[in-house]
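Trainee: Take this structure first; my questions come after.
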Amino acid sequence: MGPIYLDNNATTQCDPRVIDAMMPYFTEQFGNPSSMHSFGNKVGLAVKKARAQVQTLIGAEHDSEVIFTSCGTESDSTAILSALRAQPERKEIITSTVEHPAVLSLAEHLEKEGYTVHRIGVDGQGRIDLDAYRAKLSPNVAIASFMWANNETGTIFPVERMAEMAHEAGVMFHTDAVQAVGKLPIDLRNTRIDMLSLSGHKLHAPKGIGVLYLKRSTRFRPLLRGGHQERGRRAGTENVPAIVGLGVAAELALEHMAFENTTVKRMRDQLQDGILAQVPNAFATGDVDNRLPNTANIAFEYIEGEAILLLLNKEGIAASSGSACTSGSLEPSHVMRAMGIPYTAAHGTVRFSLSRHTRDCEIERVIQAVPPIVARLRKLSPYWAGDRPLAEPEKAFAPSYA
Amino acid sequence: MWDYSEKVKEHFYNPRNAGPLDGANGIGDVGSISCGDALRLMLKVDPDSERITDAHFQTFGCGSAIASSSALTEIIKGMTLDEALAVSNQDIADYLDGLPPEKMHCSVMGREALQAAVANYRGETWTDEHEEGALVCKCFAIDAVLIEDTIRANNLGTVEDVTNYTKAGGGCAACHEGIEEILGRVLAERGERFDPTAKATPAPAMGNLARIRKIEQTIEQMRPTLQRDGGDIDLIDVDGNRILVSLKGACSGCQMEAVTLGGVQQKLIEALGEFVKVVPVGAHAHAHGSACATEA
């Protein structure tokens, strides 16, 4: 049996139809869409088609609201820095404690440059504190930026409502929807969302292509200036093959939206239930009733995530973890810490993220593989004795800091 | 995914001496649950000979933490306590054919567990003065706390100073922004501003003769290890911070040459307290310096 890929929130496999559509744009259709001759013309039409395909997927009112970028991170940076440059009198940013580093690292950097960053916290299920959010909205705020769905737990933020709240306070609203686009129905024309980031490789398009949705009339300052590409809002020659690929991927994502929210969701639930039924001292993290259909994040107490991943990998199963070790940092995932998950569980979180390519037989195999791996590592754990944790484990084993 | 050696993987998949040890008379619990690595080392020590007759571990941690624990128990079994205390974290890493820089702290934790267990056996209390910060320099595995402390203790003011004193930033240079940031913070404490154009303070003084003797001594100490593997090393010349050596026998041109040079360089830097580059000369020498080799 082949390897099982349950790390689709990290990246997805390109759909073969996406690759087929891209291929001619590496060879005979190599023209620059800006050129006047026929080489460029056809390519320009292909980019136009892709733009319309993306427009349909996210429900944008106009195709000119779709700006192609190189990745989700570029879209996030463009959005936030644009808001600051367009409104230099506003020196504050609102975001959450559980954002992707694409937003959090930028916010931290802006803080060093003198901006004030308000990081709104979440509860134990990863739900945003809307009262705290409302309290920070003011004419001093340049932009509120909140993820649509969390990459680690899949927890969904009520961004449409939050955009309304921002709008009422006269504040621009951006959402990093990298995990949500393609998995949740999105209809931007009927929202107050001013800007949205998406990333191709999360929805079976290639890496190296992203989109910034920019609602018409939103004040904007480009990150990259130069040529007139993307109506001067993102200079630089278009990555045509990837744009064409993203267009096809957007169309396929729309076709599979129901499948994602029924079949994929059912497989995800079976995986989670199957594991939790067999493994003691384990629990699902995040807002399990309001999360992406493809994501299950399970905390296995008293063992460490990287060790779990290595043993899973040996069985041909790919997943990811919020442990400190997998990232080379000193702290476990900031998302787990923000939810108040204790260290003994936060280091043992494993994220399983499915896709429309996941099969039932794969889910069954993972359900069988996980319990013995957890048991094996717990046998090595100083918090564990026999078939259960030590009584008062954190007192029974209290290492001196080293 | 980490680039673990086969030996690390093997000790992780098949850990030796795992689980509780009945009749243990020396126990060391170290680590930090916030960092995700903690270890209980259990020793059975024969009171007459002070020899470790058995050693077991229980570890909460990643693959290399478990492998380091397993390696440690294998290394110290049969040693006297004093012999065991001489085991360094580098010995543990070497036993495993090396650890990624981000993971060197796993071997440090092993050594500390050993010190704690021996102290426990002897009825002493072990305290740890070592504090670990976020990893800044990935080429040489230097963390923020060490850099900050070194800047304070020596009144350093430039990135070059920091490299000279700690090695941090002496490899790929990607961490220079991070080092500048730490410098800025510490300099602000003493009411100064970081000046990127400032000249480095001269390296700690060691006479030329003393320095070369030290280099010779250090290389002499490493020779038996290399000779055991059928190789050898000779000091050719010292040119500023470049130390020219020739590798012979099995070492020369072998795939492990870069690793060997990296190890020699590491020992020399430790011995001299300054950053030096070990440069191989001779037929099979690589064109690039060993700072790059260490990154590889």
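The values are calculated or read from the model by the stated rules, or taken from the named source; none is laboratory data. Note that the structure is predicted; figures quoted are calculated from it, not measured. Cβ coordinates were reconstructed from backbone atoms using ideal geometry, including for glycine residues, and neighbour counts include every protein chain displayed. Calculation scope for accessible area: heavy atoms of the full protein, side chains included, ligands and nucleic acids excluded. Shrake-Rupley method; radii C 1.70, N 1.55, O 1.52, S 1.80 Å.
Trainee: Would you jot down the residues in segment B:9-56 that end up with at least 40 Å² less accessible area in the complete protein assembly than in the chain alone, with a 1.4 Å probe?
Mentor: In segment B:9-56, residues shielded by partner chains: B:12, B:13, B:29, B:31, B:33, B:34, B:35, B:40.
Trainee: Using modelled amide H (1.01 Å from N, peptide plane; none on Pro or chain starts), what sits under 5 Å from the amide H of residue A:7, excluding residues fewer than 5 places away?
Mentor: Long-range HN contacts for residue A:7: A:353.
Trainee: Using a simple spin-label model with points 7 Å from Cα along the Cα→Cβ vector, what separation in nm is obtained for residue B:27 and residue A:19?
Mentor: Output for this residue pair reads 5.6 nm.
Trainee: Cα-based count: Lys pairs in segment B:40-187 below 29 Å, eight or more positions apart or different chains? Write out the running numbers ahead of the final one.
Mentor: Details: B:44/B:77; B:44/B:103; B:77/B:103; B:103/B:138; B:103/B:167; B:138/B:167.
Eligible lysine pairs with Cα atoms under 29 Å apart amount to 6.
Trainee: Angle, helix A:240-255 long axis vs. longest principal axis of chain A, Cα atoms, 0 to 90°, nearest 10?
Mentor: 60
Trainee: For residue A:56 and residue A:237, calculate 0.36 nm times their separation in residues minus their Cα-Cα distance, and state this gained length in nm to one decimal.
Mentor: 62.8 nm
Trainee: Looking at the square roots a ≥ b ≥ c of the eigenvalues of the Cα gyration tensor of chain A, which shape do they give, rounded for a/c under 1.5, prolate if a/b is larger than b/c, or oblate? Show your work: numbers first, answer last.
Mentor: Values: a/c = 2.23, a/b = 1.41, b/c = 1.58.
Verdict is oblate for chain A.
Trainee: Follow-up. Between chains A and B, what is the buried accessible area summed over both chains (1.4 Å probe, protein heavy atoms, nearest 100 Å²)? Present the calculation step by step, with values, prior to reporting the outcome.
Mentor: Numbers: alone 17350 and 15140 Å², together 29450 Å².
Chains A and B together bury approximately 3000 Å².
Trainee: Per DSSP H run of n ≥ 4, the term is -39500 (n - 2.57); total these for chain B, divide by its residue number, and report the mean residue ellipticity at 222 nm rounded to 500 deg cm²/dmol.
Mentor: Mean residue ellipticity at 222 nm (helix-derived): -13500 deg cm²/dmol.
Trainee: Determine the relative contact order of segment B:135-189: mean sequence separation of Cα pairs under 8 Å and six or more apart, normalised by residue count, in whole percent.
Mentor: 40
Trainee: Ignoring any ligand, DNA or RNA, what whole percent of the accessible area of segment A:82-122 comes from carbon and sulfur when the probe is 1.4 angstrom?
Mentor: 49
Trainee: Cut-off under 13 Å on the C-alpha distance; same-chain residues fewer than 8 positions from residue B:248 excluded. Which aspartates and glutamates are left, in chain and number order?
Mentor: In chain and number order, the partners are B:229, B:232, B:234, B:257.
Trainee: Using the Karplus curve 6.51 cos²θ - 1.76 cosθ + 1.60 with θ = phi - 60°, what ³J(HN,Hα) values do you get for each residue of segment A:206-216, in whole Hz, with x for Gly and Pro?
Mentor: Values per residue, Gly and Pro as x: x, 6, x, 9, x, 9, 10, 7, 10, 4, 3 Hz.
Trainee: While we're here: Using only alpha-carbon positions, what ratio does the radius of gyration of segment A:16-255 give when scaled by 2.2 N^0.38 Å?
Mentor: Numbers: Rg = 17.8 Å, N = 240, 2.2 N^0.38 = 17.7 Å.
Normalised by 2.2 N^0.38 Å, the Cα Rg of segment A:16-255 equals 1.01.
Trainee: Short version: ³J(HN,Hα) in whole Hz for each residue of segment B:44-53, in order, from phi by Karplus 6.51 cos²θ - 1.76 cosθ + 1.60 (θ = phi - 60°), x for Gly and Pro, what are they?
Mentor: Per-residue couplings from phi come out as 10, 10, 6, x, 6, 9, 6, 9, 7, 8 Hz.
Trainee: Could you tell me which of the pairs A:48/A:265; A:49/A:183; A:91/A:136 are separated by over 24 angstrom between their Cα atoms in the structure shown?
Mentor: Violating the 24 Å Cα-Cα cut-off are A:48/A:265.
Trainee: Charges only on Cβ, +1 for Lys and Arg, -1 for Asp and Glu: so what's the dipole of chain A about the Cα centre, in debye to the nearest 20?
Mentor: For chain A, the charge dipole is close to 740 debye.
Trainee: Let me ask something additional. Give, in whole angstrom and from largest to smallest, the semi-axes √(5λ) of the equivalent ellipsoid of chain B, with λ running over the eigenvalues of the Cα gyration tensor.
Mentor: 34, 26, 18
Trainee: Where in segment B:58-81 does accessible area fall by at least 20 Å² between the isolated chain and the complete protein assembly, at a 1.4 Å probe radius?
Mentor: Listed in order, they are B:58, B:59, B:60, B:61, B:62, B:66.
Trainee: Kindly rank A:368-376, B:110-118, B:238-246, B:222-230 from highest to lowest mean number of other beta carbons found within 10 Å of each residue.
Mentor: In decreasing order of mean packing, A:368-376, B:110-118, B:238-246, B:222-230 become B:110-118, A:368-376, B:238-246, B:222-230.
Trainee: Relative to a virtual label point 7 Å from the Cα of residue A:219 in the Cα→beta-carbon direction, which members of segment A:76-120 show backbone nitrogen distances below 18 Å?
Mentor: Under cut-off, by backbone N: A:78-94, A:115-116.
Trainee: Another question about this same structure. As I understand it, the dipole of the protein assembly as shown uses +1 on the Cβ of Lys and Arg and -1 on the Cβ of Asp and Glu, about the Cα centre. Which of A:68, A:286, A:143 lies farthest toward its positive end?
Mentor: The residue sitting most towards the positive pole is A:68.
Trainee: At 1.4 Å probe radius, can you tell me the per residue accessible area of segment A:285-363 in Å²?
Mentor: Details: 2040 Å² over 79 residues.
Normalised by residue count, the accessible surface of segment A:285-363 is 26 Å².
Trainee: Taking every DSSP beta bridge that has both residues in the protein assembly as shown, what percent is antiparallel when rounded to the nearest 5?
Mentor: If we restrict to bridges inside the protein assembly as shown, about 65 percent are antiparallel.
Trainee: From the backbone phi of segment A:117-127, what are the Karplus-calculated ³J(HN,Hα) couplings (6.51 cos²θ - 1.76 cosθ + 1.60, θ = phi - 60°) in whole Hz, Gly and Pro given as x?
Mentor: Karplus-based 3J(HN,Hα) across segment A:117-127 equals 10, 9, 9, 7, x, 10, 8, x, 9, x, 8 Hz.
Trainee: Under the rule that a partner needs its Cβ under 4.7 Å from the first Cβ, which Cys of chain A have none?
Mentor: Cysteines of chain A left without a disulfide-compatible partner: A:14, A:71, A:361.
Trainee: Right, here's the next one. Between residue A:349 and residues 5 or more places away or on another chain, which pairs have amide H atoms under 5 Å apart, with H built 1.01 Å from N, and which residues are they?
Mentor: Hits under the 5 Å cutoff: A:300, A:305, A:322, A:323.
Trainee: Just reorder B:185, A:231 by solvent-accessible area, largest first, 1.4 Å probe, all chains present.
Mentor: A:231, B:185
Trainee: Protein chains only, probe 1.4 Å: how do B:91, B:82 rank by accessible area, largest first?
Mentor: B:82, B:91
Trainee: Could you check the spin-label model distance between residue B:10 and residue B:259? Points 7 Å from the Cα along Cα→Cβ, value in nm.
Mentor: Inter-label distance under the simple model: 1.2 nm.
Trainee: Can you find, among B:18, B:80, B:55, the residue farthest towards the positive end of the dipole of chain B? Put +1 on the C-beta of Lys and Arg, -1 on that of Asp and Glu.
Mentor: Farthest along the dipole direction, towards plus: B:80.
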